[in-house]
Amino acid sequence: MTLGLTFENLLMVLALAGDSNRNPSQKRDEAQLKVWEIEPGYHSVLQQVYLSHEVTLDKRWLAVILFKNGIDKYWRSSKQHAIRREEKEQIKSNVFNLINEKNNQLMVQNAHAISRIARFDYPNEWPNLFQDISQSLNRYIMANDLVSTNNLLIILNRIVKTISLVIIGKSRSAMQQNTGELISTLFNLYIKSFQEWTENLNLGLMEICYLALKNLRRILPETFDVLIENQQFIDFLAISVDHMQLLIVEHDKYSSDLIERYVKCYSKLYLDLLHGNPTNFVLLSCSKKILTTYISLLEHKADLIYHSSEDNDFWEILALKGFLILKRIITYLFKKGSISLKQRNNKEQVDQSIADLKQFFSRELLQNICDLIITWYLKLKPSDLESWQIEPEEWFNEELSSNWEYQIRACAENLFQDLIKFFKDDLGDYIIQKIASSITTNDSLTASSPEISEELLVRDSLYCTFQLSSYSIADQANFDQLLTEIFLPQGYATKNKIIQRRICLILNEWVPVKCSKENKIEIYKLLNHFLATSNDKIVRISTIQTLKVIIKDWDFVKADFQPFLTETIRLIIDVLSQMQLVETKLFILDTISVIIEQNNPLISRESLFEILLMVPSYWEAAYSSTQNESILRNSLLRLLKSLVISLNENSHEAHSFILPVIANCCSPTSEDYSLLSEDGYELWLAILQFNQGAADDSLVKLYELLPSALMNSTEILPIILSIARSYSLYDFPFAESPITQEILKILAGYLPAMRDDSFNIFIAFMDILFLKLSSNETFIESIISSGLFKAMAEYVFSDSQSIPQINKIFVVFSRLSANPDIFFKILAHLSIDPKSFVDLWLKMYTNNGNPRNKKINLMGLLNLTSFGVINSIALHDELLETVKKTFFFLEEVNENEQGTCEAYQQDFIYEDIDDYSYLDPDIKPHGEKLRYQHLLDTCDPLYKTNLKNFLIEGLQMVRLKVGDSFLTLVNDQYVKDQLGLN
């Protein structure tokens, strides 16, 4: 029985529904709440419940959660069961009644609800929101009501954060225009409370002061352009820098989490202001002080930052913000102000800001910053060395994937690259001298000792500068000489993992920029040496990373790498077997795939099968592992695809393992379908294309999965259509299969809205079918009953389709017109006027520039028009026009007696048939190329029909039928001249 919505009933249901001891009756109570949530008045009663201090906290908590969620679902007027306007007004009039709430969690949830209402209603339905908040805030401050002040600041923070995220609409711009009075109040509150809490360490005032700062941190970047000439704003920023310096200096005295949040908040404020308008930021009187503060912090706290850990990262976070501010400023200076589309500054302001920065960033300061980065921030930290030792794979993956904005060393490396790139004139020679001194002195550090010393870490840091400077000093440094005299000898001599890793990273950066062909061969030898002799996981994985970079480089010559292929593959497989983490295995598997792809067809059959034989064990392990290794199967599928492509004519030897895998991945009933089907389809396509034998029973069995693939995987429709196209080239009862009928029916539905990439594959698929089966009655019945012919006919008559696409449809129709009697019967069955159809075809023909397709079209038109005239179909004018176009075409090409010419050997309808050799024209043709070429050679009349003879024979048949009226039919001087009838 449904209860009526009253305050008392709601309290009772909330008590029962929120009982921590789950019982059967709770489902009934939860269902009751679902019924009530669409009733008028429900949300206002919920509000009454959580506002009432007389109600127990558990009921109030549940009520405010339901209220907040209900605002999301029903506040918009466009929503079904939307909250009525009267109830909304009642709710808004009460939302600030919880302002003296002492339960912080309840208050925060209320703030979330209010911010959502503001997102929907401000400014149209709640125009005075910020004015009301400002007045209330002033009132609470005057009354010294700390609880209400604190709570209102929490609410304001949520409102500003929510509205700041708005992209479409006017709520954000309205907030920017209507917060002037509120900002002034927050300034005064912040300054007054900061002074008081620093004098007496009042924690309540400390929290309020922080909330005021937090609100200013959110509002000021939104209103920066408006406030740039506001003296109170300028004074506040100047004071904020002093306050930040005070808290940094007195950090130990005020040591608390809240103090650290203060300093982080200042940093976020400056960074947000800088992002919003760099020009205005630079022109601030305190901007140089901000920059100096962070540079000083980076220098004086360097030791603390270097020895920081995840549990004690306060100084590291500040250093990160400092680096980000410096990077943004330096980029702005280098690009002369043109880094933000949002800027609305005039040229004089930009010029002035650039001049100020040039004066600030003297050569001496730039060199000092570089020294600071090299000495402290490029150096591997103790925490790095510990992770390297304890969790090497995890550390490598973090290094590989971490976002530089959140890692101090990565951020320092990024800034250093900007400095050397942007200030090459000031820093180029200086950096080269430092690098030169580092790589030509103290070679004993990198000799045979595996020990890690402070001096060695400094050397590694200096090597890092050489690594990071590759693009900037490439013209000034002789990398080939350094490689042969320094890095290669050190690589072979050293047993130190730090130096071995750094050499790999140097090669990563320099080889794609500047490295001779001969030295690349020496690098391959060194990398294999690292893989074979090092026992350190990081060194071995870094070596694999370097191999991947070099092999993927555009200048990679696979013939030079061929002597190392077998050994490299064996060593990498060995490294893979030692890895534990999924991410590392994925990286190595991807590298193996890259090696296979880039070195096809030079990898030996034995090496390919060595890789293939390892796959089943990893495949099974991905199912049985306690770790979440299911993602490994996607990588293994991609690896199998690469193997199939490289095996080419030998790929059939992998069918026994691969075909069951495809069946599992691509079956809609499989539990792996959602995760693996896309990669499974790509592997399936590769198997079909590269198999050079007949389709065995297992391969034909997979054909049954195509209809579901077409229906369920439209986002990868080109791949699915390619699979269907590949099957059409095999010899099996294609036309008689009920699966084919289903496929054609699905394609009929897709055709009108098919994208270009899918459409081109569809055309090739249809061209193959019509070439092979245009005389097959079962197939003809299928294209009619499936609606496909009708869909194609409607496509060519549609005004919304492009002419090039329509012409491609007519190419397919040309294949069927080899049997004109059947063609005209289909047109009659579909009530399509043959004259209109042929007239459109002739009209579209004029837009066809491909000689191959032109001939196919002309043969189709000649078949239809001559048959039509012979069988009393009114196509006399169309026949004459086709004859003229045929003679015009014959003047463009030079056919031999057999009817072929060079122009017909390109622009295949199967456009991507030669993609297998895009990396290397010497790669052997795959099975699909051979099957397609055989089809064209045996079935395509294009190569076997002399078009002029074909035309003459057709006209002779017409002349026999029409007799003396033939001359009237070809009553065109050009045509008569060509036929010799004058």
When you check Q47 against the structure, is it touching a residue at least 40 places away in the same chain (Cβ under 8 Å), closer than 23 Å to R119 by Cβ and open to solvent by 60 Å² or more (accessible area, probe 1.4 Å), yes or no?
no
Test: residue in segment 177-185 that is within 14 Å of Y254 (Cβ to Cβ) and either out of contact with any Cys (no Cβ under 7 Å at 6 or more places or on another chain) or buried (at least 21 other Cβ atoms within 10 Å of the Cβ) (or both):
no
Answer yes or no as to whether N634 is over 28 Å from the mean Cα position of the chain (by Cα), of a type outside the set (K, R) and open to solvent by 10 Å² or more (accessible area, probe 1.4 Å).
no
Kindly indicate whether I873 is on the phi < 0 side of the Ramachandran plot and open to solvent by less than 20 Å² (accessible area, probe 1.4 Å).
no
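Find the residue count for segment 904-951, including only residues that are in a helix (DSSP H, G or I), of a type outside the set (F, W, Y) and within 30 Å of N600 (Cα to Cα).
Number satisfying all stated conditions: 13.
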Count of residues meeting criterion [closer than 25 Å to L930 by Cβ and polar (S, T, N, Q)] in segment 695-738
5
Can you pull out every residue in segment 617-631 that is in a helix (DSSP H, G or I) and either at pLDDT 95 or above or open to solvent by less than 20 Å² (accessible area, probe 1.4 Å) (or both)?
W619, A622
Which one is modelled with the lowest pLDDT, of the residues in segment 448-473 that are loosely packed, with under 14 Cβ neighbours inside 10 Å and small (G, A, S)?
S448
Would you point out which residue out of L981, L967 is farther than 30 Å from V594 by Cβ, in a helix (DSSP H, G or I) and more than 58 Å from the chain's Cα centre (by Cα)?
L967
Of the residues that make up segment 559-582, is at least one assigned to a loop (DSSP other than H, G, I, E, B) and of a type in the set (V, I, T)?
no
Kindly indicate whether S148 is closer than 20 Å to S267 by Cα and small (G, A, S).
no
Y254 is checked against (1) outside any loop (DSSP other than H, G, I, E, B); (2) over 38 Å from the mean Cα position of the chain (by Cα); (3) farther than 30 Å from A355 by Cβ and fails just one. What number does that condition carry?
(1)
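Just checking, which of L721, L710, L769, L717 is farther than 21 Å from S667 by Cα and surrounded by 18 or more Cβ atoms within 10 Å (Cβ to Cβ)?
Values: L721 fails: farther than 21 Å from S667 by Cα; L710 fails: farther than 21 Å from S667 by Cα; L717 fails: farther than 21 Å from S667 by Cα.
When all the criteria are applied, what remains is L769.
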Quick test for you: out of S115, S93, S148, pick the one residue that is open to solvent by 10 Å² or more (accessible area, probe 1.4 Å) and part of a helix (DSSP H, G or I).
S93
Considering residues of segment 236-265 that are without any contact (Cβ under 8 Å) to a residue 12 or more places away in the chain and acidic (D, E) only, the residue most open to solvent (accessible area, probe 1.4 Å):
D252
Checklist (1) open to solvent by 40 Å² or more (accessible area, probe 1.4 Å); (2) touching a residue at least 24 places away in the same chain (Cβ under 8 Å) applied to I763, failing item:
(1)
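In this structure, does F530 turn out to be of a type in the set (A, V, I, L, M, F, W, C), without any contact (Cβ under 8 Å) to a residue 40 or more places away in the chain and crowded, with 22+ Cβ neighbours inside 10 Å?
Judged against the criteria, F530 is a match.
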Being free of Cβ contacts under 8 Å to residues at least 12 places away in the same chain and over 24 Å from the mean Cα position of the chain (by Cα) narrows S617, S646, S698 down to just S617
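For every residue, the table says whether it meets (1) modelled with pLDDT under 90; (2) outside any helix (DSSP H, G or I); (3) closer than 14 Å to M107 by Cα.
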| position | (1), (2), (3) |
| --- | --- |
| P40 | no, yes, no |
| L46 | no, no, no |
| Y50 | no, no, yes |
| W61 | no, no, yes |
| L66 | no, no, no |
| D72 | no, no, no |
With the requirement that a residue be open to solvent by 10 Å² or more (accessible area, probe 1.4 Å) and touching a Ser or Thr at 6+ places or on another chain (Cβ under 7 Å), what does segment 570-591 give you?
L586, D590
Can you find even one residue in segment 672-688 that is without any contact (Cβ under 8 Å) to a residue 24 or more places away in the chain, open to solvent by 50 Å² or more (accessible area, probe 1.4 Å) and not aliphatic (A, V, I, L, M)?
yes
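The values are calculated or read from the model by the stated rules, or taken from the named source; none is laboratory data. Computed from a prediction, not measured in an experiment: that's the story for all the values here. With ideal geometry, Cβ positions are generated from the backbone for all residues, glycine too; neighbour counts draw on all protein chains shown. Just the protein is used for accessible areas: all its heavy atoms, side chains included, with ligands, DNA and RNA removed. Shrake-Rupley method; radii C 1.70, N 1.55, O 1.52, S 1.80 Å.
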